[in-house]
Amino acid sequence: MTRILVVDDHDLVRMGIVRMLNDVSGYEVIGDAKSGEEAVRKARELSPDVVLMDVKMPGIGGLEATRKMLAARPGVKIIAVTACDDSVYPSRLLQAGARGYVTKGTGFTDITEAIDTVMSGRQFMSSTIAQQLALRTISGASDRSPFERLSQRELETAMLIAGGHKAQDIANTFSVSPKTVNSYRYRIFEKLSINSDVELALLAVKYNLLDPEAVV
């Protein structure tokens, strides 16, 4: 049996995926989580083979959750699942160690194919993601997201700032000082040519890194 942990902050989406996976022979859903923090904790407790990881969630989000999960359990196979197929996230998640990347709009068969593929030791990407990554490789700099200028930690910090998290909360998440977080903020603003948290949130929405309703 392939032991699976399903992570998504939307209850209907998460439980829908759980129900469909439970109907597939050879799969066992051993748990579900609605945040990155909960996902990291449950991965440690339940030892899944595969984690279906929502990319955009409240709190630390899918990117940081992937990094933390793999640091604790290098053998777990993480498949990013997202409604967005045109952001900077695919390459960053793959760099962080995710083994697959699928979009929610491609259908349930892509998810099962992704699970079987990563369990066989290979990577899996939805066709739309593969095409998008190929286009990004050959496109000019003017066509790319400005968020590509950020390091992985800067991107993770930027998403938390854009989501309304305070410096102390972000510092606790990354086990750094608030002063370090403010240094990240300064570099983020400089690289993105912006001057405020509001501008950062609007830019993140524009480039599909943040849901509009998450802007506070």
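In table form, for the structure just shown:
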quantity	calculated
Residue 157, sole failed condition from (1) closer than 16 Å to residue 36 by Cα; (2) surrounded by fewer than 20 Cβ atoms within 10 Å (Cβ to Cβ)	(2)
Selected residue (criterion: farthest from residue 57 (Cα to Cα)) from residues of the stretch 160-176 that are assigned to a loop (DSSP other than H, G, I, E, B) and open to solvent by less than 50 Å² (accessible area, probe 1.4 Å)	176
In the stretch 1-40, the residues that are of a type in the set (Val, Ile, Thr), closer than 17 Å to residue 58 by Cβ and touching a strand residue (DSSP E or B) at 6+ places or on another chain (Cβ under 7 Å)	6, 7
Residues within the stretch 29-72 that are within 23 Å of residue 126 (Cα to Cα) and surrounded by fewer than 15 Cβ atoms within 10 Å (Cβ to Cβ), tallied	0
Cβ pairs under 9 Å, 6+ apart, first in the stretch 154-171 and touching a residue at least 60 places away in the same chain (Cβ under 8 Å) and within 22 Å of residue 89 (Cβ to Cβ), second acidic (Asp, Glu) and buried (at least 23 other Cβ atoms within 10 Å of the Cβ)	156/64; 159/64; 160/64
Condition met for residue 110 (open to solvent by less than 50 Å² (accessible area, probe 1.4 Å) and at pLDDT 85 or above)	yes
Some residue of the stretch 54-61 being in contact with a helix residue (DSSP H, G or I) (Cβ under 6 Å, 6 or more places away or on another chain), aliphatic (A, V, I, L, M), closer than 16 Å to residue 209 by Cα and touching a residue at least 40 places away in the same chain (Cβ under 8 Å)	yes
Considering residues of the stretch 19-61 that are assigned to a helix (DSSP H, G or I) and of a type in the set (Asp, Glu) only, the residue nearest to residue 94 (Cα to Cα)	37
The one condition in (1) open to solvent by less than 50 Å² (accessible area, probe 1.4 Å); (2) of a type outside the set (D, E, K, R); (3) at pLDDT 80 or above that residue 202 fails to fulfil	(1)
Any hit, the stretch 30-48, residues being aliphatic (A, V, I, L, M) and in contact (Cβ under 8 Å) with a residue 60 or more places away in the chain	no
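The values are calculated or read from the model by the stated rules, or taken from the named source; none is laboratory data. This structure is a prediction, so every number in the text was calculated from the model and none was measured. Counting neighbours? That spans all protein chains shown, and the Cβs are built from the backbone with ideal geometry, glycine included. Surface accessibility is based on the protein's heavy atoms, side chains included, excluding ligands, DNA and RNA. Shrake-Rupley method; radii C 1.70, N 1.55, O 1.52, S 1.80 Å.
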